[in-house]
Amino acid sequence: MSLGFTEILLIIIAILLLFGAKRIPELVKSIARASYEYKKAKEMIKKESEEIINADEVKTEVKAEEKSEK
């Protein structure tokens, strides 16, 4: 199911009527900013989780070495 030209045109007209031509650039900027912040936060969380996993692996290896030495 895809949107045809007529459906897209009707959606654009409805958006123009609801928000007005002056507010649309502001909405686009705020959506773009929110998307950027979401991606940045997602990458930060991913990086932190990888650091925690790596630290845990190192800790596990150290414990295994200590056990093998005893």
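Per-structure values
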read-out	value
Residue list for the stretch 19-47, restricted to those being at pLDDT below 95 and either touching a strand residue (DSSP E or B) at 6+ places or on another chain (Cβ under 6 Å) or among the acidic types (Asp, Glu) (or both)	Glu26
Residue pairs meeting the criteria (Cβ under 8 Å; at least 6 apart or on separate chains; first at negative phi and of a type outside the set (Val, Ile, Thr), in the stretch 1-24; second surrounded by 10 or more Cβ atoms within 10 Å (Cβ to Cβ) and part of a helix (DSSP H, G or I))	Leu3/Ile11; Leu16/Ile24; Phe19/Leu27
Failed condition for Ala41, given (1) loosely packed, with under 10 Cβ neighbours inside 10 Å; (2) part of a helix (DSSP H, G or I)	(1)
Filter result (more than 25 Å from the chain's Cα centre (by Cα) and among the aromatic types (Phe, Trp, Tyr)) within the stretch 9-42	Phe19
Residue within the stretch 53-70 that is in a loop (DSSP other than H, G, I, E, B), at pLDDT below 90 and of a type in the set (Gly, Ala, Ser) present	no
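The values are calculated or read from the model by the stated rules, or taken from the named source; none is laboratory data. Given the structure is predicted, the values throughout are model-derived calculations rather than measurements. All Cβ positions, glycine included, derive from the backbone under ideal geometry; neighbour counts span all protein chains shown.
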